Structures are given as structure tokens and as C-alpha cells.
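Notes to accompany the following structure.
The values are calculated or read from the model by the stated rules, or taken from the named source; none is laboratory data. These numbers were taken from a predicted model, which means no experiment stands behind them. Using ideal geometry, Cβ is built from the backbone for each residue, glycine included, and neighbour counts are taken over all protein chains shown.
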Amino acid sequence: MTPADFTTFMRNYQDMVYSTAVRLLGNEAQAEDISQEVFLKAYERFDDLCTSPTAGGWLKTVTTNLSLNHLQRYRKRWRFFSERVHRDDEGRGTEPVEFAAPDGDFLAGVDKVERRAWLERALENLPEHQRVPLVLYHFEDQPYDEIARRLGVSLAKVKTDILRGRAALAQVLLRSGASHENFHS
């Protein structure tokens, strides 16, 4: 193994590792830190990885695991919004806030690259408890029960957070300034 070999390996996978981390963490600086940590681990195992046809899968798994570990480690520092409720005049919670999703043609006219970049930015605006299950389900193709197990929450919470996350993501996309007209021109 030469340093050039590892540099080439790293360049081949850096976008995938970083985008996986930033989707889960919602923070570019933290995603950079996780990416560095992933490639340090890859360097330690490079003799095995350089010839492995599953190196990309290994990197994605390590990235996902390190990102989830990071989120769990710092969860107490972050404010969560999963318990949002309407408040009456005395400040008592009365019912959960519901978010309506826009119609399915919302992103139909946007080219694939622009749509993906826009979605990535919108995901960063979601609270962790919605962003993480959405990313694991839609980007990592993990089933609900696996997500619940990995996050240490109930299956019902995962389903609720994904549903609310989709609706909140739609609202973030709508508020980001794009209208239906912008996408159909």
C-alpha cells in the first residue's frame, strides 16, 4: 500500500461518506469530522479494503454508525421538537401540531442535481429526531424495525417521526422560497 493508493481510494468514496454523514447529522462541520474518522478507520484496514468489492458498503455502514453514535452522545445537548403541541391561553398543551404536505408534483420540474442539493439543504433544517429516521429509511433503505432498534425507540415513534418529518420537510422546502411556478418553467 502506498499513500497514493489510499489517496485514490479516499477520493473515490469521499463524496458518499460525507453526504451520508451530513444527511444524518444535518451539520457540515460535524459531517467533516465524522468523514475524517471514517477514513482513519479505513486507513487502519486499507490492506483488506483496497481489494474488497464491498468497501463502499463498509464505508457507508461505518459512516452511519459513527454518525448515529455522535447523535446519541450529544442528544442531551440538543433541543428536540417531537413533542410540539398547540398551547391554550394558560400554556397547557392541547393537541399535537399537524403539518400538511404539499401535492406530489412539487419537485417535478426541477432537474435531478438541483433537486438533490435543495433536498440536502432542507434536510439540514429538520430536527434530529425527524431527519435521522427519514435519512435511514429513504437514503439508507433501512426498514422501520431496524431504524427503531438502532435508535433505541419504539416502532410507533419511528413511523410517527418519519411521517411528521416528511410533512416538515415539505414545509421547509415550501418556505425556502420555491413556488410551484419556479419548478414548472
Tally time: how many residues in segment 111-151 are farther than 21 Å from residue 60 by Cβ, assigned to a loop (DSSP other than H, G, I, E, B) and more than 13 Å from the chain's Cα centre (by Cα)?
1
Positions within segment 39-59 being in contact (Cβ under 8 Å) with a residue 40 or more places away in the chain, surrounded by 17 or more Cβ atoms within 10 Å (Cβ to Cβ) and more than 13 Å from residue 5 (Cβ to Cβ), in sequence order:
59
Residue match in segment 51-68 (condition: modelled with pLDDT of 85 or more, of a type in the set (Gly, Ala, Ser), assigned by TED's automatic domain parsing to the domain that holds residue 31 and not in a helix (DSSP H, G or I))
yes
Every listed condition ((1) polar (S, T, N, Q); (2) closer than 19 Å to residue 157 by Cα; (3) modelled with pLDDT of 90 or more) holds for residue 72 save (3)
Count of segment 1-27 residues which are touching a residue at least 12 places away in the same chain (Cβ under 8 Å) and part of a helix (DSSP H, G or I):
16
Note on residue 155: of the conditions (1) surrounded by 15 or more Cβ atoms within 10 Å (Cβ to Cβ); (2) modelled with pLDDT of 85 or more; (3) under 26 Å from residue 57 (Cα atoms), unmet is (1)
Can you tell me which residue within segment 161-171, out of those that are free of Cβ contacts under 8 Å to residues at least 40 places away in the same chain and buried (at least 17 other Cβ atoms within 10 Å of the Cβ), is nearest to residue 144 (Cα to Cα)?
162
